[in-house]
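The values are calculated or read from the model by the stated rules, or taken from the named source; none is laboratory data. Not measured: the values here are computed from a predicted model. All Cβ positions, even for glycine, are placed from backbone atoms using ideal geometry, and neighbour counts span all protein chains on display. Note: areas computed on protein heavy atoms with side chains; ligands, DNA, RNA excluded. Shrake-Rupley method; radii C 1.70, N 1.55, O 1.52, S 1.80 Å.
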Amino acid sequence: MPSLRVLAAAAALILFGTAPSMAQQNPPSDQTAPTDIGRTSTKGRQGPSEEVVKPSATINRADALEEKKEAPNIIEVQPLSEIIKLPDINMAEALQRIPGISLETDSGEGRFINIRGLDSDLNGTTYGGVRLPASNPSSPFGGGRATAFDTFPTGIVGGVEVTKTLRPDWDAEALGGTINLVPRTGAEHGGEPFLDTDTGYGYEPLRSTPVYHAEFSTGRGFDGGNGIGGWFAGPNAFSAVVTGVYHQDKRGVDDIEESYTDQPGVPDKVLSNLQFRRYEYARDRYGAAVNFDARPAENTSLYLRVLYSGYLERANKHYLVLNGLDSNAGCTPMPTCIQDPNNPNGYQANVPAGAGALEQDSTDSLERIQNSVAMIGGSTNFSTFKLDYRASYALGTDLVSTSAGSQWLDNNAVTIDYDNNTNPNYPSFSTPGVNPANPSNYTLNNIGLGSSYAHDGETAGTIDATVPMATGDNTGQLKFGLSLRDRHKTNDSYNPVFNPTGTILLSSYTYGPDHIYYGNRYNIGPAINFPALRILSNSSLGTIMDDPAADASTDTDNRENVYAGYGQFTARYGKWGVLTGLRVESTHARYGGNLYDSDTDVNTPTAVKTSYTNYFPTVQGRYDIFDSLIARATYSSGIARPGFDQIDPGATVSVTTTSVSVGNPGLKPTIGQDFDLTLEYYPGDGQIAAAGLFYKDFKNYILPTQQYVDSYPFPGLVNRITQVTSFSNGPAHADGFEAQYQQQLTFLPAPFNGFGYSGNVTLVDSRAQIHPGIYGLLPSTSKLTWNAAIFYERSPIEIRVAADYVGQNLFAFGTVVGNATDDYSSARLTMDLGSSYTIISQVKLYFDAKNLLNTPLEFTEGPSQSRPIQREFYDITLLAGVRVSL
């Protein structure tokens, strides 16, 4: 990438320039502004204007636990040094190891995270304190507010901080909690010039494809000499850190997807459709970051932070599709007339003539998803107070530059026998007299040529004043400030279609031997020639047609401004500590969409404005029973604004089918009241034992609604029973238990004192009316989530085996009234291995193995495992390399 080459050149200049060493700062836990160069935050133990001259940072497990211990609220901290001990290639996978967090995966990688059973749209994410807008708009429940963490390679940040009980000086939009990605500083090098590199090569056996990894981080300080007119003088007047990461893999996916007929009176195992999908992904993940600091005067520090991170993905997908599997479902007597006479556990699409249909499809897409952040700010110490200030711009984008989907049909009716009872995870089928893998049987129906662009940008500014209030042995501070966030989110899509003017055979666009995949179980025919299809879709062998009104039906244009002010008081009185205050946020928004009549193909722009003000008090206390034993009791509050698709005034209406899908502009934001009780024990040496209870009460929780109304205010639907799909507010709550434990057996004699183990568990129960008259767990709530690891850490060897478990949870709502067709994400247990060997202090070899259990990603229709609707495998990923630190 050109950007990484430029950064590498800048890195060399920084590292080998003629300047004295750098004293690197430690980013404070609240991230409102960086600490002065060469000094560090005291994590709430001292007033803000007091200085610690020795630079330090959260660079290892012991530092992270010390930061957690001293924080005035409940947080979790994970430094980069711990993250790289396991093969977590993006920040979603690193976050899953933290208590209270569960992972949503896609394409063989972690993507979205849930905190304490709340779905990803309800949590906040920041980089260095700057809120990150969404990049990937396809969050599980369509709120369009979730951060996709697969856009951040692990090496691009220095660690993560998870805030579970909100503070007034933090944005209130985080019902589950806030994740702060901490900029990488290099503070672990003690202020000296440094260069860290990581070069690795790996292998993924499912498609026999390579994996490449490379990253660097370098930095140093610069002497200002006599300065410029007295400004920027002295040692370490300037410092800079530059980081770059590149990771490439070509992961394969073996997938089967099933659709059930769901007809009244038909056995619930009867399929309507069965798809055999073979995927090949080529993903280039990249990241670049620059952190620049300057001290113009003794009492003032300034900074500039820039982050650019994301991935470019080419996806090639090949499907064999069996249609019409329920074509005989209306026969009598049921169910014997649809059973396969040769297999009592199977069903037959049609007897005797056959009405099934075969189809082959392909997808060829190119998509770039990324986040960009730029911030400038600083802090100034006056005689009686400290002033922090920051301006920032953050942008998330998802550009699908091409998504060509071809559809090839075998127009001859065929009998399809299938058995999805004997083993629903591996359904079998036969097509007597027909070979579904033969490409000569298929002719081109069309090629969809879709593209889209989602843009979510936010301009923000903050100013904070901190007044120390220390008296005697007691320490305290009063903090107050103002902030503004101006958000602009848009989505545009185009869906032209290439229609052939003559007969085009699939056999002309395939090559090589048949693909027999999914553990050599299914033959879907020879490979599709994707480059040839790209040429075909731009040729004179067909015509391209588009429907501008239908394209615009999903376009949106949203503006959302949030003005906030707060006051906060923190203090320590001997063994007691308190954090209390109030935050006020005023929201002023305009949401724009389109009203689309699918029958007449008419599209009408529509918009709605809304404004409201909310108040968020908090009282959080702690008591140090002993220096190593801490009890906490907290109350905090937060907000989740309606998702952009949920409040969108646009709608899709069909008089023909008497159906309406519409947002609800009258939705209110969800307000959460949070209560926590915890007991934390810190025996030292990077060890912890902690347990806690939490309860969250939600007012105006937002859930989808599906109902039939007697009349809908639209021409042709007045006084007609109409199915309306929309959203509504209602009460909900969640409560749970968290515990974590980590110990290295240092009391054992060498070499056994390197052994240790860690674990955490989260139990969550939640309740809401998920359908009219039906109560259940909130979306994304897994009743049980746990992580466990055994490790050996004694120089020069480090080995860690980690297991992660996420229980079943509601993933998506069905298309009919009731919960029979809701989609559930199945429970999954994964296991990973990380290991390293230190050759010399500056050089370390490592070997990682990811997905040792080859755990499938599985979804079911309804909670029963006997009705799978998607089940895909990725196989193991191996990676070996060398880390050098100079």
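If you consider only alpha-carbon coordinates, what radius of gyration and Dmax does the stretch 524-633 have, in Å?
28.9, 82
What are the extents of the Cα atoms of the stretch 267-367 along their three principal axes, listed from largest to smallest and rounded to whole Å?
Rounded to whole Å, the extents work out to 89, 26, 19 Å.
Specify the angular offset, from 0 to 90 degrees and rounded to the nearest 10, of the alpha carbon long axis of helix 2-16 from the longest principal axis of the alpha carbons in the chain.
Its long axis makes an angle of about 20 degrees.
At a 1.4 Å probe, what is the % contribution of carbon and sulfur to the accessible area of the stretch 419-471? Walk me through the numbers on the way to the answer.
On the way: 1120 of 2080 Å².
Roughly 54 percent, rounded to a whole number.
Extending each Cα 7 Å along its Cβ direction at residue 262 and residue 710, get the distance between those two points in nm, one decimal.
2.7
Can you list the aspartates and glutamates whose alpha carbon is less than 15 Å from that of residue 269, not counting same-chain residues fewer than 8 positions off?
Qualifying aspartates and glutamates at Cα under 15 Å: 257, 258, 326, 340, 417, 419, 861.
What is the calculated FRET efficiency for residue 334 to residue 492, with r their C-beta to C-beta distance and R₀ = 56 Å, to the nearest 0.05?
Details: r = 47 Å, r/R0 = 0.85.
About 0.75, to the nearest 0.05.
Where the convex hull is taken over the Cα atoms of the chain, what is its projected area averaged over directions, in nm²?
Details: hull surface 156.1 nm².
Across all orientations, the chain yields a mean hull projection of 39.0 nm².
Percent relative contact order of the stretch 687-788, based on C-alpha pairs within less than 8 angstrom and at least six residues apart?
Numbers: 211 pairs, mean separation 26.1, N = 102.
In percent, rounded to a whole number, it is 26.
When the chain is fully extended, how far beyond the present Cα-Cα distance does residue 615 get from residue 507, taking 0.36 nm per residue of separation? Please list the in-between numbers first.
Numbers: separation 108, 0.36 × 108 = 38.88 nm, distance 6.49 nm.
32.4 nm is the gain from fully extending residue 615 to residue 507.
Jot down the radius of gyration and Dmax of the stretch 604-710, Cα atoms only, both in angstrom.
Rg then Dmax for the stretch 604-710, in Å: 22.4, 71.
Where the convex hull is taken over the Cα atoms of the stretch 191-347, what is its projected area averaged over directions, in nm²?
Details: hull surface 67.3 nm².
With the hull built on Cα positions only, its mean projection is 16.8 nm².
With an 8 Å Cα cut-off and a minimum separation of 6 or more residues, compute the relative contact order for the chain in percent. Intermediate results must be reported in sequence, preceding the final value.
On the way: 2687 pairs, mean separation 98.0, N = 886.
About 11 percent, as a whole number.
Normalised by the residues of the stretch 238-347, what does the relative contact order come to in percent, with Cα pairs under 8 Å and at least six apart?
Values: 207 pairs, mean separation 31.1, N = 110.
Across the stretch 238-347, relative contact order equals 28 percent.
FRET efficiency for residue 425 and residue 880, Cβ-Cβ distance as r, R0 = 35 Å, nearest 0.05? Write out the running numbers ahead of the final one.
Working: r = 33 Å, r/R0 = 0.94.
Rounded to the nearest 0.05, the efficiency is 0.60.
For the stretch 450-537, what ratio Rg/Rh do Cα atoms give with a Kirkwood hydrodynamic radius? Don't jump to the answer; show the numbers that get you there.
Details: Rg = 30.3 Å, Rh = 20.4 Å.
My calculation puts Rg/Rh at 1.49.
How much length, in nm to one decimal, is gained on full extension between residue 815 and residue 675, taken as 0.36 nm per residue of separation minus their Cα-Cα distance?
Values: separation 140, 0.36 × 140 = 50.40 nm, distance 3.55 nm.
In short, 46.9 nm is gained.
Quick one: compute a quarter of the convex hull surface over the Cα atoms of the stretch 763-870 and quote it in nm². Before the final figure, lay out each step's value.
On the way: hull surface 35.7 nm².
Mean projected area of the Cα convex hull: 8.9 nm².
How much net charge surrounds residue 740 when only the other residues with a Cβ under 12 Å from the Cβ of residue 740 are counted, with Lys and Arg +1 and Asp and Glu -1? Walk me through the intermediate numbers first.
Details: positive: 68, 97; negative: 76, 680, 738.
So the environment of residue 740 carries a net charge of -1.
How much of the calculated P(r) for the stretch 789-849 lies past 13 Å, in percent of all Cα pairs?
On the way: 1314 of 1830 pairs.
In whole percent, the long-distance tail amounts to 72.
For a 27 Å ceiling on Cα separation, which of these pairs sit above it: 68/668; 699/783; 317/489? Show your work: numbers first, answer last.
On the way: 68/668 34 Å; 699/783 22 Å; 317/489 30 Å.
Over 27 Å Cα-Cα: 68/668; 317/489.
Cα axis of helix 61-70 to longest principal axis of the chain: angle in degrees, 0 to 90, nearest 10?
The answer is roughly 70 degrees.
What is the calculated FRET efficiency for residue 384 to residue 459, with r their C-beta to C-beta distance and R₀ = 25 Å, to the nearest 0.05? Intermediate values should be presented prior to the final figure.
Working: r = 31 Å, r/R0 = 1.26.
Calculated value: 0.20.
Could you work out the Kirkwood radius for the stretch 715-755, taking every pair of different alpha carbons, averaging 1/r and inverting it, reported in Å? Don't skip to the end; give the middle numbers.
Working: mean 1/r = 0.0576 Å⁻¹.
Hydrodynamic radius (Kirkwood, Cα pairs) of the stretch 715-755 is 17.4 Å.
Given all pairs of different Cα atoms, what value in angstroms does the Kirkwood hydrodynamic radius of the stretch 663-822 take? Display every interim value, and only then the final one.
On the way: mean 1/r = 0.0510 Å⁻¹.
Roughly 19.6 Å, rounded to one decimal.
At q = 0.15, 0.16, 0.19, 0.28 Å⁻¹, what log₁₀ I(q)/I(0) does the stretch 204-270 have when each alpha carbon counts as one equal point scatterer in the Debye sum?
-0.76, -0.78, -0.86, -1.10
Compute the distance in nm between two label points, each set 7 Å from the Cα along the Cα-to-Cβ direction, one at residue 516 and one at residue 547.
Placing both labels 7 Å along Cα→Cβ, they lie 4.2 nm apart.
I'd like the carbon and sulfur percentage of the solvent accessible area for the stretch 685-733, probe radius 1.4 Å, heavy atoms only, ligands and nucleic acids excluded.
Numbers: 1370 of 2440 Å².
The C+S portion of the solvent-accessible surface of the stretch 685-733 is 56 percent.
Could you check the spin-label model distance between residue 559 and residue 767? Points 7 Å from the Cα along Cα→Cβ, value in nm.
4.4
Translational diffusion coefficient, Stokes-Einstein: compute it for the stretch 138-277 using the Kirkwood radius over C-alpha pairs as Rh, at 10 °C and 1.306 mPa s, and state it as an integer in µm² s⁻¹. Show your work: numbers first, answer last.
On the way: Rh = 21.0 Å.
Rounded to a whole number, D works out at 76 µm²/s.
Report the full-extension gain for the segment residue 841 to residue 797: residue separation times 0.36 nm, less the Cα-Cα distance, to one decimal in nm. Intermediate values should be presented prior to the final figure.
Values: separation 44, 0.36 × 44 = 15.84 nm, distance 1.21 nm.
Length difference between fully extended and current span is 14.6 nm.
Report the equivalent ellipsoid semi-axes for the stretch 686-754 in whole Å, largest first, defined as the square roots of five times the eigenvalues of the gyration tensor built from alpha carbon atoms.
58, 14, 7
Calculate, for the chain, the solvent-accessible area per residue in square angstrom, rolling a 1.4 angstrom probe over the heavy atoms of the protein chains.
Details: 33380 Å² over 886 residues.
Each residue of the chain exposes 38 Å² on average to a 1.4 Å probe.
Would you list which lysines come within 20 Å of residue 850, measuring only between C-alpha atoms, while excluding same-chain residues fewer than 8 positions from it?
Once the sequence-local lysines are set aside, what remains near residue 850 is 85, 250.
Roughly how many percent of the accessible protein surface of the stretch 804-886 is carbon and sulfur, given a 1.4 Å probe and a whole-percent answer?
Numbers: 2120 of 3250 Å².
In the stretch 804-886, the share of accessible area belonging to carbon and sulfur is 65 percent.
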